[in-house]
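Visitor: The structure follows.
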Amino acid sequence: MSTNRPLQVVNLSDRSTDLSGIFAEYILGRRFLSWDEFEKSLAEFQKLSCTHYVHNCSKTIPDDGFKYAYVGFKCTFGVNRTRPGLKSRNKSSKCCNCSSSFRVVLRYSEYIIASHNMVHNHPCSRVYMQNDPWYRRVTVEEKVNVEPLLQQSYSSDEIIMHVKEKYQKDITLIDVKNMKAAVNK
């Protein structure tokens, strides 16, 4: 796993990307003896490929040395968090029905990839991902450090610049508004 080689990313069109090559290099074909080992490789893959996957489905194992019997992962751009209903507000969503997913299973005391689809129907780039709420999310420690600025009524622009300079995160005005509302509760 050399990071000096160029990434094997295939742009199928302006809005579609195939990450099968880099997935094969970092995850596929490897056998992981622990869940922590798998998570470390997944984090490295996500960082290099500018993607983010979340648990779609899973089954835990009670009282065993292993955490899961299986876990399904899905690209965050394929997960629609709100269900449409009669009284739901129409608001923009990052969901674009991306079908990229993979399944990790426990077989013979090791985790392996049982199935995968690495074709994304959106660009996989840092610019595209920096607008993802997951990457904009401020951690608990960062919120504690920003809280005095929120309480002292600094302007939203000053708070955005502070977070960008100190934590390298591009938060939005809505993010600042939500943080101010949480502090004022």
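Visitor: If you take just the strands (runs of 3 or more DSSP E) that sit entirely in the range 1-65, which of them hold at least 2 residues that are surrounded by 15 or more Cβ atoms within 10 Å (Cβ to Cβ) and modelled with pLDDT under 90? Walk me through it before giving the result.
Guide: Working: elements: 10-13, 16-18, 53-60.
Hits in the range 1-65: 16-18, 53-60.
Visitor: Name the single residue that is modelled with the lowest pLDDT among those in the range 66-78 being assigned to a strand (DSSP E or B) and not charged (D, E, K, R). Give the derivation first.
Guide: Pass one, the range 66-78, residues assigned to a strand (DSSP E or B): 68-75.
With the extra rule that they be not charged (D, E, K, R), the set shrinks to 68-73, 75.
Working: Tyr68: 90, Ala69: 90, Tyr70: 93, Val71: 94, Gly72: 94, Phe73: 93, Cys75: 87.
It comes out as Cys75.
Visitor: Identify all residues within the range 162-185 that are out of contact with any helix residue (DSSP H, G or I) (no Cβ under 9 Å at 6 or more places or on another chain) and farther than 23 Å from Arg126 by Cβ; write none if there are none. Working first, answer last.
Guide: Step one: filter the range 162-185 for residues out of contact with any helix residue (DSSP H, G or I) (no Cβ under 9 Å at 6 or more places or on another chain), giving 164-165, 168, 174, 178, 181, 185.
Scanning the range 162-185 gives Asn178, Ala181, Lys185.
Visitor: Has the range 140-153 got at least one residue that is more than 18 Å from Leu19 (Cα to Cα), part of a loop (DSSP other than H, G, I, E, B), more than 16 Å from the chain's Cα centre (by Cα) and of a type in the set (Val, Ile, Thr)?
Guide: Taking the range 140-153 first, the residues more than 18 Å from Leu19 (Cα to Cα) are 140-153.
This time we only want the ones that are part of a loop (DSSP other than H, G, I, E, B), so: 152-153.
Going one step further and asking which of them are more than 16 Å from the chain's Cα centre (by Cα), we end up with 152-153.
Filter once more, keeping what is of a type in the set (Val, Ile, Thr): none.
No.
Visitor: Quick check on Ile159: is it outside the structural domain of Cys50 (by TED's automatic domain parsing), farther than 24 Å from Lys74 by Cβ and in contact with a helix residue (DSSP H, G or I) (Cβ under 9 Å, 6 or more places away or on another chain)? Please lay out each step first, then the result.
Guide: Details: outside the structural domain of Cys50 (by TED's automatic domain parsing): yes; farther than 24 Å from Lys74 by Cβ: yes; in contact with a helix residue (DSSP H, G or I) (Cβ under 9 Å, 6 or more places away or on another chain): yes.
Answer is yes for this residue.
Visitor: Looking at the range 143-178 only, could you name the residues that are acidic (Asp, Glu) and loosely packed, with under 15 Cβ neighbours inside 10 Å?
Guide: Glu147, Asp157, Glu158, Glu165, Asp170
Visitor: Only one residue in Tyr111, Tyr167, Tyr128, Tyr154 is at pLDDT 85 or above and aromatic (Phe, Trp, Tyr), so which one is that? Give the steps one after another, and end with the answer.
Guide: On the way: Tyr167 fails: at pLDDT 85 or above; Tyr128 fails: at pLDDT 85 or above; Tyr154 fails: at pLDDT 85 or above.
The conditions single out Tyr111.
The values are calculated or read from the model by the stated rules, or taken from the named source; none is laboratory data. Predicted model, so just to flag it, every value in this text is computed and none were measured. Virtual Cβ from ideal backbone geometry, glycine too; neighbours counted across all protein chains shown.
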